[in-house]
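K.L.:
To start, I am sharing the structure in question, which I have written as C-alpha coordinates.
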Amino acid sequence: MDSRPVASISVVVPTYNRAALLPATLDAILSQTLRPLEVIIVDDGSTDDTAAVLARYGRRLRVLRVPNGGDLKARNAGLAEATGDLVAFCDSDDLWKPGFLAAMLRMWQVEPALRVAFSDFVIIRDDVWQEDRKFADAPPGFWDGLRPLGASMSVFDQPIVERLLDFQPFFPSCMVADRRFLLEVGGWDVSVGRRVGCDFATILRVAEHAPFGILQQPLVGIRKHAANHSADVQAMNLGDAWILEHLLAERPSWQPHAAAVRASVAARRMQALEIAFARRDYQAVREIAAMLPALQSPRLRLKAQVARLPPLVREASGAVLLSLGSLASVRRRLRRG
(Lines give C-alpha, C1' and ligand atoms only; values in the text may rest on other atoms or scores of the structure.)
Protein backbone atom coordinates (compact mmCIF):
# COMPACT_ATOMS: atom_id res chain seq x y z
CA MET A 1 0.00 0.00 0.00
CA ASP A 2 1.17 3.52 -0.75
CA SER A 3 1.80 6.17 1.89
CA ARG A 4 -0.12 9.36 1.24
CA PRO A 5 -1.10 12.50 3.12
CA VAL A 6 -4.26 12.15 5.18
CA ALA A 7 -6.56 15.01 5.96
CA SER A 8 -10.01 13.72 6.89
CA ILE A 9 -11.59 11.34 9.39
CA SER A 10 -14.97 9.64 9.17
CA VAL A 11 -16.56 8.50 12.42
CA VAL A 12 -18.73 5.37 12.62
CA VAL A 13 -21.01 4.76 15.61
CA PRO A 14 -22.97 1.48 15.80
CA THR A 15 -25.91 1.63 18.20
CA TYR A 16 -28.68 -0.64 19.42
CA ASN A 17 -31.26 0.40 22.02
CA ARG A 18 -29.03 2.90 23.81
CA ALA A 19 -31.19 6.00 23.57
CA ALA A 20 -30.32 6.98 27.15
CA LEU A 21 -26.54 6.72 26.62
CA LEU A 22 -26.27 7.87 23.01
CA PRO A 23 -26.55 11.68 23.47
CA ALA A 24 -23.41 11.94 25.62
CA THR A 25 -21.46 9.88 23.07
CA LEU A 26 -22.65 12.03 20.15
CA ASP A 27 -22.01 15.28 22.00
CA ALA A 28 -18.43 14.19 22.70
CA ILE A 29 -17.88 13.35 19.01
CA LEU A 30 -19.40 16.60 17.76
CA SER A 31 -17.31 18.60 20.27
CA GLN A 32 -13.97 17.38 18.93
CA THR A 33 -11.36 20.07 18.34
CA LEU A 34 -10.81 18.44 14.94
CA ARG A 35 -14.14 18.34 13.15
CA PRO A 36 -14.78 14.94 11.55
CA LEU A 37 -15.60 14.81 7.86
CA GLU A 38 -18.80 12.92 8.69
CA VAL A 39 -20.43 11.12 11.60
CA ILE A 40 -22.18 7.95 10.45
CA ILE A 41 -24.62 6.41 12.92
CA VAL A 42 -25.58 2.84 12.15
CA ASP A 43 -28.88 2.12 13.92
CA ASP A 44 -28.74 -1.65 14.29
CA GLY A 45 -32.50 -2.23 14.42
CA SER A 46 -33.20 -0.27 17.62
CA THR A 47 -36.68 -0.53 19.09
CA ASP A 48 -36.37 2.18 21.78
CA ASP A 49 -36.29 5.98 21.34
CA THR A 50 -33.04 5.97 19.33
CA ALA A 51 -34.72 7.42 16.20
CA ALA A 52 -36.06 10.39 18.18
CA VAL A 53 -32.66 11.01 19.76
CA LEU A 54 -30.94 10.99 16.37
CA ALA A 55 -33.55 13.29 14.84
CA ARG A 56 -32.56 16.04 17.30
CA TYR A 57 -29.10 16.23 15.70
CA GLY A 58 -30.40 16.88 12.21
CA ARG A 59 -27.87 17.11 9.40
CA ARG A 60 -24.88 16.83 11.71
CA LEU A 61 -25.29 13.06 11.42
CA ARG A 62 -25.65 10.54 8.61
CA VAL A 63 -27.99 7.82 9.80
CA LEU A 64 -28.07 4.31 8.37
CA ARG A 65 -30.77 1.95 9.54
CA VAL A 66 -30.03 -1.74 9.17
CA PRO A 67 -31.69 -4.95 10.41
CA ASN A 68 -30.30 -6.05 13.74
CA GLY A 69 -27.12 -8.00 13.08
CA GLY A 70 -24.73 -7.03 15.85
CA ASP A 71 -21.89 -4.55 16.28
CA LEU A 72 -19.53 -6.13 13.75
CA LYS A 73 -21.98 -5.99 10.85
CA ALA A 74 -23.06 -2.49 11.86
CA ARG A 75 -19.47 -1.24 11.89
CA ASN A 76 -18.89 -2.76 8.46
CA ALA A 77 -22.03 -1.06 7.14
CA GLY A 78 -20.66 2.27 8.34
CA LEU A 79 -17.19 1.51 6.98
CA ALA A 80 -18.67 0.81 3.54
CA GLU A 81 -20.32 4.25 3.54
CA ALA A 82 -17.36 6.21 4.92
CA THR A 83 -15.40 8.50 2.61
CA GLY A 84 -12.64 9.88 4.86
CA ASP A 85 -8.95 9.03 4.56
CA LEU A 86 -9.21 7.56 8.05
CA VAL A 87 -12.12 5.98 9.89
CA ALA A 88 -12.65 6.10 13.65
CA PHE A 89 -15.08 3.91 15.56
CA CYS A 90 -16.92 4.78 18.75
CA ASP A 91 -19.39 2.51 20.52
CA SER A 92 -22.56 4.29 21.50
CA ASP A 93 -21.87 4.02 25.24
CA ASP A 94 -18.29 5.36 25.18
CA LEU A 95 -16.83 8.88 25.27
CA TRP A 96 -13.95 10.74 23.64
CA LYS A 97 -12.10 13.65 25.16
CA PRO A 98 -12.15 16.74 22.87
CA GLY A 99 -8.65 16.22 21.49
CA PHE A 100 -8.97 12.54 20.54
CA LEU A 101 -9.35 12.89 16.76
CA ALA A 102 -6.73 15.66 16.52
CA ALA A 103 -4.19 13.54 18.40
CA MET A 104 -4.84 10.52 16.20
CA LEU A 105 -4.53 12.55 13.01
CA ARG A 106 -1.16 13.89 14.21
CA MET A 107 0.15 10.33 14.25
CA TRP A 108 -0.59 9.94 10.54
CA GLN A 109 0.94 13.33 9.80
CA VAL A 110 4.18 12.12 11.41
CA GLU A 111 4.00 8.54 10.03
CA PRO A 112 1.79 8.44 6.90
CA ALA A 113 2.41 4.68 6.46
CA LEU A 114 0.36 3.86 9.58
CA ARG A 115 -2.28 1.21 9.08
CA VAL A 116 -4.09 1.47 12.40
CA ALA A 117 -3.67 3.19 15.77
CA PHE A 118 -5.15 2.83 19.24
CA SER A 119 -5.43 5.23 22.13
CA ASP A 120 -5.11 4.40 25.81
CA PHE A 121 -8.33 4.58 27.83
CA VAL A 122 -9.80 4.68 31.31
CA ILE A 123 -13.03 3.35 32.78
CA ILE A 124 -15.98 5.66 33.50
CA ARG A 125 -18.15 4.68 36.46
CA ASP A 126 -21.17 6.75 37.47
CA ASP A 127 -20.00 9.55 35.13
CA VAL A 128 -16.58 9.74 36.85
CA TRP A 129 -13.44 9.18 34.76
CA GLN A 130 -11.19 6.83 36.71
CA GLU A 131 -7.44 7.35 37.12
CA ASP A 132 -6.16 3.89 36.17
CA ARG A 133 -5.02 3.67 32.55
CA LYS A 134 -5.47 0.43 30.64
CA PHE A 135 -2.03 0.53 29.02
CA ALA A 136 -0.42 0.68 32.48
CA ASP A 137 -1.73 -2.86 33.17
CA ALA A 138 0.50 -4.36 30.47
CA PRO A 139 2.87 -7.14 31.58
CA PRO A 140 6.64 -6.52 31.55
CA GLY A 141 8.04 -6.32 28.04
CA PHE A 142 4.70 -5.75 26.31
CA TRP A 143 5.69 -2.30 25.04
CA ASP A 144 9.27 -3.28 24.11
CA GLY A 145 10.24 -2.36 20.55
CA LEU A 146 8.10 0.76 20.17
CA ARG A 147 9.55 3.41 17.88
CA PRO A 148 8.85 6.91 19.22
CA LEU A 149 7.10 9.39 16.94
CA GLY A 150 6.78 12.29 19.36
CA ALA A 151 5.10 13.16 22.62
CA SER A 152 2.96 10.17 23.71
CA MET A 153 3.08 8.73 20.16
CA SER A 154 4.89 5.61 18.98
CA VAL A 155 4.57 2.64 16.64
CA PHE A 156 5.24 -1.05 16.46
CA ASP A 157 7.09 -1.75 13.21
CA GLN A 158 6.41 -5.49 13.34
CA PRO A 159 3.18 -7.48 13.77
CA ILE A 160 2.16 -7.95 17.41
CA VAL A 161 -0.23 -10.91 17.28
CA GLU A 162 1.56 -12.98 19.93
CA ARG A 163 1.68 -10.06 22.37
CA LEU A 164 -2.11 -9.91 22.30
CA LEU A 165 -2.56 -13.56 23.23
CA ASP A 166 -1.87 -12.79 26.88
CA PHE A 167 -2.88 -9.13 27.16
CA GLN A 168 -5.34 -7.26 24.94
CA PRO A 169 -5.54 -3.50 25.71
CA PHE A 170 -7.09 -2.33 22.44
CA PHE A 171 -10.81 -1.47 22.32
CA PRO A 172 -12.94 -0.52 19.29
CA SER A 173 -13.76 2.97 20.62
CA CYS A 174 -10.02 3.69 20.76
CA MET A 175 -9.34 2.67 17.15
CA VAL A 176 -8.61 4.74 14.07
CA ALA A 177 -7.62 3.01 10.83
CA ASP A 178 -6.59 3.84 7.31
CA ARG A 179 -9.94 3.31 5.58
CA ARG A 180 -8.59 1.67 2.43
CA PHE A 181 -6.36 -0.65 4.48
CA LEU A 182 -9.24 -1.76 6.67
CA LEU A 183 -11.41 -2.47 3.65
CA GLU A 184 -8.62 -4.46 1.98
CA VAL A 185 -8.10 -6.74 5.01
CA GLY A 186 -11.84 -7.44 5.20
CA GLY A 187 -13.09 -4.92 7.74
CA TRP A 188 -14.52 -6.21 11.00
CA ASP A 189 -14.33 -10.01 11.11
CA VAL A 190 -17.95 -11.20 11.18
CA SER A 191 -16.96 -14.89 10.97
CA VAL A 192 -16.93 -15.08 14.79
CA GLY A 193 -20.59 -14.15 15.03
CA ARG A 194 -22.00 -12.24 17.99
CA ARG A 195 -20.39 -14.10 20.86
CA VAL A 196 -18.91 -12.26 23.84
CA GLY A 197 -15.56 -10.69 22.91
CA CYS A 198 -16.19 -10.80 19.15
CA ASP A 199 -14.12 -7.60 18.65
CA PHE A 200 -11.01 -9.61 19.55
CA ALA A 201 -10.88 -11.26 16.11
CA THR A 202 -10.61 -7.93 14.31
CA ILE A 203 -8.02 -6.53 16.72
CA LEU A 204 -5.94 -9.63 15.98
CA ARG A 205 -6.54 -9.14 12.25
CA VAL A 206 -5.10 -5.62 12.20
CA ALA A 207 -2.31 -6.69 14.58
CA GLU A 208 -0.86 -8.75 11.72
CA HIS A 209 0.09 -5.49 10.01
CA ALA A 210 2.49 -2.64 10.68
CA PRO A 211 3.14 0.16 11.33
CA PHE A 212 0.72 -0.14 14.26
CA GLY A 213 0.29 3.13 16.16
CA ILE A 214 0.07 3.65 19.92
CA LEU A 215 -1.18 6.84 21.57
CA GLN A 216 -0.25 6.74 25.23
CA GLN A 217 -2.73 9.44 26.22
CA PRO A 218 -5.99 8.12 27.74
CA LEU A 219 -8.32 10.14 25.53
CA VAL A 220 -11.15 7.60 25.59
CA GLY A 221 -13.53 6.66 28.38
CA ILE A 222 -15.20 3.24 28.42
CA ARG A 223 -18.49 3.57 30.29
CA LYS A 224 -19.41 0.70 32.59
CA HIS A 225 -23.09 -0.06 32.98
CA ALA A 226 -25.45 -2.98 33.51
CA ALA A 227 -25.46 -4.04 29.85
CA ASN A 228 -21.67 -4.39 29.49
CA HIS A 229 -20.66 -7.92 28.47
CA SER A 230 -17.07 -7.26 29.59
CA ALA A 231 -18.19 -7.37 33.24
CA ASP A 232 -18.53 -11.18 32.96
CA VAL A 233 -14.91 -12.33 33.02
CA GLN A 234 -15.85 -16.00 32.77
CA ALA A 235 -17.83 -15.41 29.58
CA MET A 236 -15.06 -13.19 28.17
CA ASN A 237 -12.42 -15.87 28.74
CA LEU A 238 -14.55 -18.56 27.12
CA GLY A 239 -15.44 -16.30 24.20
CA ASP A 240 -11.81 -15.34 23.62
CA ALA A 241 -10.72 -19.00 23.76
CA TRP A 242 -13.30 -19.97 21.14
CA ILE A 243 -12.24 -17.07 18.92
CA LEU A 244 -8.56 -18.00 19.15
CA GLU A 245 -9.27 -21.61 18.15
CA HIS A 246 -11.48 -20.41 15.30
CA LEU A 247 -8.82 -18.03 13.98
CA LEU A 248 -6.10 -20.66 14.20
CA ALA A 249 -8.22 -22.89 11.96
CA GLU A 250 -9.23 -20.10 9.57
CA ARG A 251 -6.06 -18.01 9.13
CA PRO A 252 -3.09 -19.77 7.48
CA SER A 253 -0.85 -16.88 8.55
CA TRP A 254 -1.34 -18.01 12.15
CA GLN A 255 0.45 -21.36 11.87
CA PRO A 256 3.76 -19.96 13.23
CA HIS A 257 1.78 -18.89 16.32
CA ALA A 258 0.00 -22.23 16.82
CA ALA A 259 1.74 -23.26 20.05
CA ALA A 260 1.28 -19.85 21.63
CA VAL A 261 -2.38 -19.74 20.58
CA ARG A 262 -3.13 -23.16 22.07
CA ALA A 263 -1.40 -22.19 25.32
CA SER A 264 -3.49 -19.01 25.50
CA VAL A 265 -6.69 -20.97 24.84
CA ALA A 266 -5.90 -23.38 27.68
CA ALA A 267 -5.00 -20.55 30.08
CA ARG A 268 -8.26 -18.71 29.37
CA ARG A 269 -10.33 -21.84 29.92
CA MET A 270 -8.53 -22.63 33.17
CA GLN A 271 -9.27 -19.11 34.40
CA ALA A 272 -12.91 -19.57 33.42
CA LEU A 273 -13.05 -22.87 35.31
CA GLU A 274 -11.71 -21.18 38.46
CA ILE A 275 -14.37 -18.46 38.21
CA ALA A 276 -17.17 -20.96 37.58
CA PHE A 277 -16.11 -22.98 40.63
CA ALA A 278 -16.03 -19.86 42.79
CA ARG A 279 -19.59 -19.16 41.63
CA ARG A 280 -20.54 -22.77 42.44
CA ASP A 281 -21.66 -23.15 38.84
CA TYR A 282 -20.72 -26.81 38.74
CA GLN A 283 -22.36 -27.50 35.40
CA ALA A 284 -20.10 -24.85 33.83
CA VAL A 285 -17.08 -26.39 35.61
CA ARG A 286 -17.88 -29.76 34.04
CA GLU A 287 -18.38 -28.22 30.59
CA ILE A 288 -15.14 -26.24 30.75
CA ALA A 289 -13.15 -29.21 32.07
CA ALA A 290 -14.34 -31.22 29.05
CA MET A 291 -12.75 -28.61 26.77
CA LEU A 292 -9.35 -29.02 28.41
CA PRO A 293 -7.45 -32.08 27.17
CA ALA A 294 -5.40 -32.30 30.37
CA LEU A 295 -5.65 -30.44 33.65
CA GLN A 296 -2.03 -30.14 34.75
CA SER A 297 -2.89 -28.31 37.96
CA PRO A 298 -3.80 -30.65 40.86
CA ARG A 299 -6.07 -27.90 42.20
CA LEU A 300 -8.06 -27.72 38.97
CA ARG A 301 -8.25 -31.52 38.71
CA LEU A 302 -9.71 -31.63 42.20
CA LYS A 303 -12.26 -28.93 41.37
CA ALA A 304 -13.31 -30.78 38.23
CA GLN A 305 -13.73 -33.98 40.27
CA VAL A 306 -15.81 -32.18 42.91
CA ALA A 307 -18.08 -30.82 40.16
CA ARG A 308 -18.92 -34.41 39.17
CA LEU A 309 -19.94 -35.53 42.67
CA PRO A 310 -23.59 -36.05 43.75
CA PRO A 311 -25.23 -32.72 44.68
CA LEU A 312 -25.10 -32.90 48.49
CA VAL A 313 -21.51 -34.14 48.59
CA ARG A 314 -20.54 -31.66 45.87
CA GLU A 315 -21.95 -28.65 47.75
CA ALA A 316 -20.20 -29.58 50.98
CA SER A 317 -16.88 -30.37 49.26
CA GLY A 318 -17.06 -27.20 47.17
CA ALA A 319 -17.65 -25.05 50.26
CA VAL A 320 -14.60 -26.59 51.96
CA LEU A 321 -12.36 -26.00 48.94
CA LEU A 322 -13.52 -22.40 48.60
CA SER A 323 -12.92 -21.70 52.28
CA LEU A 324 -9.44 -23.24 52.10
CA GLY A 325 -8.71 -21.09 49.06
CA SER A 326 -9.82 -17.95 50.88
CA LEU A 327 -7.66 -18.84 53.89
CA ALA A 328 -4.63 -19.43 51.67
CA SER A 329 -5.21 -16.05 50.00
CA VAL A 330 -5.27 -14.30 53.39
CA ARG A 331 -2.04 -16.04 54.43
CA ARG A 332 -0.33 -14.93 51.22
CA ARG A 333 -1.36 -11.32 51.78
CA LEU A 334 -0.10 -11.46 55.38
CA ARG A 335 3.27 -12.81 54.23
CA ARG A 336 3.60 -10.06 51.65
CA GLY A 337 2.65 -7.47 54.31
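K.L.:
When the chain is fully extended, how far beyond the present Cα-Cα distance does residue 286 get from residue 130, taking 0.36 nm per residue of separation? All intermediate terms of the calculation are to be shown ahead of the outcome.
P.N.:
Details: separation 156, 0.36 × 156 = 56.16 nm, distance 3.73 nm.
In short, 52.4 nm is gained.
K.L.:
Which one of 322, 72, 30 has the biggest mean-square fluctuation once the chain is modelled by GNM with Cα springs under 10 Å?
P.N.:
Maximum among the listed residues: 322.
K.L.:
Also, quick follow-up: Would you please give the FRET efficiency between residue 258 and residue 60, computed as 1/(1 + (r/R0)^6) with r the Cβ-Cβ distance and R0 = 51 Å, to the nearest 0.05?
P.N.:
The value I calculate is 0.60.
K.L.:
Along Cα→Cβ, 7 Å out, is where each label goes; now give me the distance between the ones at residue 47 and residue 208 in nm to one decimal.
P.N.:
My value for the distance between the label points is 3.8 nm.
K.L.:
Relative to the present Cα-Cα distance, how much length would full extension add between residue 194 and residue 301 at 0.36 nm per residue of separation?
P.N.:
Stretched fully, the residue 194-residue 301 segment lengthens by 35.4 nm.
K.L.:
I'd like the FRET efficiency for residue 323 and residue 142, computed as 1/(1 + (r/R0)^6) with the beta carbon distance as r and R0 of 41 Å, rounded to 0.05.
P.N.:
On the way: r = 36 Å, r/R0 = 0.87.
The pair residue 323/residue 142 has a calculated efficiency of 0.70.
K.L.:
Using the 2.2 N^0.38 Å rule of thumb for compact globular proteins, work out how the stretch 41-169 stacks up: its C-alpha Rg over that value, please.
P.N.:
Working: Rg = 17.5 Å, N = 129, 2.2 N^0.38 = 13.9 Å.
Taking the Cα Rg and dividing by 2.2 N^0.38 Å, one obtains 1.26.
K.L.:
Beta carbons within 10 angstrom, averaged per residue: use that to sort the peptides 7-17, 136-146, highest first.
P.N.:
Working: 7-17: 22.5, 136-146: 11.5.
Descending mean neighbour count gives 7-17, 136-146.
K.L.:
Cα convex hull of the stretch 170-224: mean projected area in nm², to one decimal? Intermediate results must be reported in sequence, preceding the final value.
P.N.:
Working: hull surface 18.1 nm².
Directional mean of the projected Cα hull area for the stretch 170-224 stands at 4.5 nm².
K.L.:
Keeping to pairs on different chains or 8 or more places apart, tell me how many lysine pairs in the chain have Cα atoms under 30 Å apart. Don't skip to the answer; put the middle values down first.
P.N.:
Values: 73/97; 73/134; 73/224; 97/134; 97/224; 134/224.
Close lysine pairs under the 30 Å cut-off: 6.
K.L.:
Given a 1.4 Å probe and every protein chain left where it sits, what share in percent of the accessible area of the stretch 140-258 is carbon and sulfur? The partial results should precede the final answer.
P.N.:
On the way: 2570 of 4790 Å².
The value for the stretch 140-258 is 54 percent carbon and sulfur by accessible area.
K.L.:
Using 1/(1 + (r/R0)^6) with R0 = 30 angstrom and r between the beta carbons of residue 249 and residue 167, what's the FRET efficiency to the nearest 0.05? Could you put the intermediate results ahead of the total?
P.N.:
Numbers: r = 23 Å, r/R0 = 0.77.
According to the calculation, E is roughly 0.85.
K.L.:
Take the Cα atoms of the stretch 181-329, build their convex hull, and give its volume per residue in Å³.
P.N.:
Expressed per residue, the convex hull around the Cα atoms of the stretch 181-329 is 169 Å³.
K.L.:
Please sort through the DSSP H helices of the chain and keep those with an alpha-carbon extent of at least 20 Å along the long axis and a Kyte-Doolittle average not below -0.5. Before the final figure, lay out the partial values.
P.N.:
Values: long enough: 233-250 (25 Å, 0.51); 258-278 (30 Å, 0.78); 311-336 (37 Å, 0.18).
Span-like helices here: 233-250, 258-278, 311-336.
K.L.:
Could you tell me the relative contact order of the chain? Use alpha-carbon pairs under 8 Å, at least six residues apart, and round to a whole percent. Write down the numbers at each step before the final one.
P.N.:
Working: 556 pairs, mean separation 55.8, N = 337.
Dividing the mean separation by the residue count of the chain yields 17 percent.
K.L.:
While we're on this one: Can you work out the accessible area per residue across the chain, with the rest of the protein chains kept in place, probe 1.4 Å, in square angstrom?
P.N.:
Details: 15860 Å² over 337 residues.
Here the per-residue accessible area is 47 Å².
The values are calculated or read from the model by the stated rules, or taken from the named source; none is laboratory data. As the structure is a prediction and not an experimental result, all values here were calculated from the model. Counting neighbours? That spans all protein chains shown, and the Cβs are built from the backbone with ideal geometry, glycine included. For the accessible areas, the whole protein counts, side chains as well, though only heavy atoms, and no ligand, DNA or RNA atoms are used. Shrake-Rupley method; radii C 1.70, N 1.55, O 1.52, S 1.80 Å.
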